Amino acid sequence: MFYREAGDFSTTYQQDSQTFPIKFDRYRYYIVLAVAFGIIPFIINDYWASAVFVPFLIYAIAAMGLNILTGYCGQVSLGTGGFMAVGAYACYKLMTAFPDVSIVLHVLLSGFITAGVGVLFGLPSLRIKGFYLAVATLAAQFFLVWLFNRVGWFYNYSASGQISAPERTVFSIPVTGPNTEAWAKYMICLVFVVVLAWVARNLTRGALGRQWMAIRDMDIAAEIIGVNPLKAKLTAFAVSSFFVGIAGALFFAVYLGAVEVGEVFGIQKSFLVLFMIIIGGLGSIFGSFAGAAFLVLLPVLLKNVLVGGLGWPTDLAAHLELMIVGGLIITFLIAEPHGLAQLWRVAKEKLRLWPFPH
């Protein structure tokens, strides 16, 4: 077996079917969670929260959502930015209409609203696929951005067309608004990430996940053996849009605090999340985290090293970033379609067998 070692075995079905059946994997994730919850909140500052940790956590949620749809179910989508906008504007309308309701509930309801919109735009997937489905979701992206720009009800008829998050608290601690501490922003995003990652991991390992992968691998054969393509595709769109909607709500309410849909949730956002799952690895929850971490850390690294350290012009560093990302996408699509997640799996296998021949 790929990860098994002598002495590491299961004696019950419950042990074998747990999320991380290998002790080494369990301990590693326990350590990561301990550091994330027990150390980082006490040392984080505004720069690290706004530049690295908060955007990484939010993009990881969006990447998991798109990975469920594209990586696990094989349905190409270029409308991620538009669905994030749905989550953001839904959260804004809920926050202003029901100020006494918890922000956590608002974010969750925003995810459910986005899931409904995702199912609506996912209906064409029952008839078209591949390039044509990508064009249909791209049309959804432009339509949603146009809708939020043109219909004043969505931004409460503000003269600037911008939406701003009012201050909300969780356990009397501000998590939105100008008085929010860096650790509070980080913690609310971290809780959502941990819960949603657990949900995604279990969904993809269960019966629904197997239906998604059957549709992805060969939809005609999957239908012959009893998989309902209507249920599989629409549930993939619903779950994916739920994740992306929560990411959009957190991006607006917790991270930025004020957004204008055309600038923040444009087509660039859709491509950014798509590049994350391509580089991180299609069909992998860990790949969603790896891709999000890479594309969040890369601009920060280039800015600090090239611009701050070597004195390069900012535009030259930005162009170099585009070249690096473009080159990596081509390389991964040709040489390693499963991305960084597959490289990590291979590295773990080799390290666990070292120094024995492989």
Q: Answer yes if at least one residue in segment 128-137 is under 22 Å from the mean Cα position of the chain (by Cα), within 13 Å of residue 78 (Cβ to Cβ) and open to solvent by 60 Å² or more (accessible area, probe 1.4 Å), and no otherwise.
A: yes
Q: Please enumerate the residues belonging to segment 23-45 that are in contact (Cβ under 8 Å) with a residue 24 or more places away in the chain and either open to solvent by less than 80 Å² (accessible area, probe 1.4 Å) or closer than 21 Å to residue 175 by Cβ (or both).
A: 33, 36, 37, 40, 41, 42, 44, 45
Q | All positions within segment 71-97 that are assigned to a helix (DSSP H, G or I), out of contact with any Gly (no Cβ under 9 Å at 6 or more places or on another chain) and open to solvent by 10 Å² or more (accessible area, probe 1.4 Å) | A | 92, 93, 94, 96, 97
Q.
List pairs: first residue in segment 233-244 and within 12 Å of residue 196 (Cβ to Cβ) and part of a helix (DSSP H, G or I), second residue open to solvent by 10 Å² or more (accessible area, probe 1.4 Å) and modelled with pLDDT under 95 anywhere in the structure, Cβ distance under 8 angstrom, at least six positions apart or on different chains.
A. 239/203
Q: Look through 333, 256 and report the one residue that is under 22 Å from residue 69 (Cα atoms), of a type outside the set (S, T, N, Q) and either more than 19 Å from the chain's Cα centre (by Cα) or open to solvent by 50 Å² or more (accessible area, probe 1.4 Å) (or both).
A: 333
Q | Residue in segment 101-117 that is among the aromatic types (Phe, Trp, Tyr), within 18 Å of residue 266 (Cα to Cα) and either touching a strand residue (DSSP E or B) at 6+ places or on another chain (Cβ under 8 Å) or in the same structural domain as residue 172 (by TED's automatic domain parsing) (or both) present | A | no
Q: With the condition kept exactly as written, say whether any residue in segment 106-121 is farther than 16 Å from residue 246 by Cβ and among the hydroxyl-bearing types (Ser, Thr, Tyr).
A: no
Q | Residue among 320, 328 that alone is of a type in the set (A, V, I, L, M, F, W, C), over 28 Å from residue 28 (Cβ atoms), modelled with pLDDT of 85 or more and open to solvent by less than 80 Å² (accessible area, probe 1.4 Å) | A | 320
Q: Looking for whichever is within 30 Å of residue 209 (Cα to Cα), assigned by TED's automatic domain parsing to the domain that holds residue 53 and free of Cβ contacts under 8 Å to residues at least 40 places away in the same chain here; the options are 320, 343, 333. Which one fits?
A: 343
Q: Look at segment 275-312 and say how many of its residues are outside any helix (DSSP H, G or I) and modelled with pLDDT under 85.
A: 3
Q) Pairs, please: C-beta under 8 Å, at least 6 apart or cross-chain, first residue small (Gly, Ala, Ser) and modelled with pLDDT of 90 or more and in segment 149-174, second assigned to a strand (DSSP E or B) and surrounded by 11 or more Cβ atoms within 10 Å (Cβ to Cβ)? A) 164/258; 165/258
Q. Out of segment 290-315, which residues are free of Cβ contacts under 8 Å to residues at least 40 places away in the same chain and open to solvent by 80 Å² or more (accessible area, probe 1.4 Å)?
A. 301, 303, 304, 310, 312, 314, 315
Q) Is it true that some residue in segment 267-283 is under 27 Å from residue 50 (Cβ atoms) and among the hydroxyl-bearing types (Ser, Thr, Tyr)? A) yes
Q. What is the number of the single condition among (1) of a type outside the set (A, V, I, L, M); (2) in contact with a helix residue (DSSP H, G or I) (Cβ under 7 Å, 6 or more places away or on another chain); (3) without any contact (Cβ under 8 Å) to a residue 24 or more places away in the chain that residue 77 does not meet?
A. (3)
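The values are calculated or read from the model by the stated rules, or taken from the named source; none is laboratory data. No experiment lies behind these values; they were computed from the predicted model shown. Backbone-built Cβ (ideal geometry, glycine too); neighbour counts: all protein chains shown. Surface accessibility is based on the protein's heavy atoms, side chains included, excluding ligands, DNA and RNA. Shrake-Rupley method; radii C 1.70, N 1.55, O 1.52, S 1.80 Å.
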